[in-house]
1. Run L287 past the list (1) within 14 Å of the chain's Cα centre (by Cα); (2) more than 26 Å from L66 (Cα to Cα) and report the number of the one that doesn't hold.
2. Pairs only if they're at least six apart or on different chains, beta carbon under 6 angstrom, first in the range 67-94 and farther than 15 Å from I120 by Cα, second buried (at least 24 other Cβ atoms within 10 Å of the Cβ) and aromatic (F, W, Y); list them, first residue then second.
3. (1) of a type outside the set (S, T, Y); (2) under 30 Å from I213 (Cα atoms); (3) modelled with pLDDT of 90 or more: which one isn't true of V79, the others all being true?
4. Go through the range 186-214 and count every residue that is loosely packed, with under 12 Cβ neighbours inside 10 Å, modelled with pLDDT under 90 and under 29 Å from the mean Cα position of the chain (by Cα).
5. Is it the case that R257 is in contact with a Gly (Cβ under 8 Å, 6 or more places away or on another chain) and of a type in the set (K, R)?
6. Here are L101, L112: which of them is part of a loop (DSSP other than H, G, I, E, B), closer than 12 Å to L285 by Cα and under 17 Å from the mean Cα position of the chain (by Cα)?
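The values are calculated or read from the model by the stated rules, or taken from the named source; none is laboratory data. Here the structure is a predicted model, which is why all the values come from computation and not from measurement. Every residue, glycine as well, gets a Cβ built from its backbone with ideal geometry; the counts of neighbours run over all protein chains shown.
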Amino acid sequence: MLRKLSKAGFAIQLLFTIAGAVFIAFTPGGSFGSMLFDSGNAWPVILPPELLPSSPGTLQYLNAGLLLLIALFINIILVKHDLMPHQSFLGALIFILFSWLTPASTFLFYGLVVTLLLLISLNSLMNMYMKSHPYSDVMTATISIGVASFFIPETILFLLIFVWLGFFTLRITAWREWVISIVGTFVPYFYLGVYLFFTDQLWLFWDNYVLYIQNYTLLFLPVSLLNTITIFSLIFLWLIVFFRMVAGIGDKLIAMRKRMWMVTQFQWAGIASLLLLSYQSPILLPLVYVSLSMMIVFVIYQLKPRMLIYEIVFGLFLSLAALGRFFA
């Protein structure tokens, strides 16, 4: 399947991408146990849930549209940084197919907004390669992380695991970039604080943060057997793709190696944020799919391995994910 999709024309790949997004929009979505927020453990988000569309169907279409937008952005990044041929839409297609395993949750919208913001951060950090003064890129990357943490506080880990490790990968040692990264992360909080101060909501926002931290618990709720098997197939696919990438990346150009290591660090930060999100973690699955899609595209186009094991595991995952949208 993967090999055939990679060799298909641009129009065919685009058609399958749109069809995959339509499938997400018009199917119920998987169940991952309780995805509801109790009043004592609500995020200190800036967009109250009541402002979202009240109709579950409308929100489902909105989420599918956001997934499609993220997929297009992934494709642009892969092409821009020479990780995929220009006449290919495979990165977007694989991301949409992975997204068949997403929860039917009102709060998935927040996870998608965060994923889009962090993609901006990834693109900015990848742009920094070979720049002597990448100040604007550092600022853009970290402001995106700061805004993302409004919605999901755990994503502040991207500053530590993604940006700062990325500095080591890019051999950035000047103190200015490190200071800018801290300033950029907290600039959105300054403007948010000013807004909340003048609208008399500052202390309420602060109390919500304190309450969120006090009530934090690392709890994972049981999921259905079908979703459990699907998740294990996803983990196995990630392992074989990751180790194949590590084994073959040493022969590639240094620019390609550094960019793929940044994708890997992006993935580590995403997994850490997902795990810390506790029982709400499934809403950050699209964030993990971003880096996994990029890794698979890199392996297919740049390393060209024998595809049998990848085809089997990916086909198994896709079949289980499709079933899970109806029966899990």
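1. (2)
2. L83/F298
3. Result: V79 passes all but (2).
4. The qualifying residues number 4.
5. Numbers: in contact with a Gly (Cβ under 8 Å, 6 or more places away or on another chain): yes; of a type in the set (K, R): yes.
The answer is yes for R257.
6. Working: L112 fails: part of a loop (DSSP other than H, G, I, E, B).
Going through L101, L112 in turn, the sole match is L101.
Yes/no matrix, rows are residues, columns are (1) on the phi > 0 side of the Ramachandran plot; (2) surrounded by 15 or more Cβ atoms within 10 Å (Cβ to Cβ); (3) not aliphatic (A, V, I, L, M):
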position	(1), (2), (3)
I249	no, yes, no
M256	no, yes, no
M262	no, yes, no
W268	no, yes, yes
L274	no, yes, no
Y279	no, yes, yes
K304	yes, no, yes
V313	no, yes, no
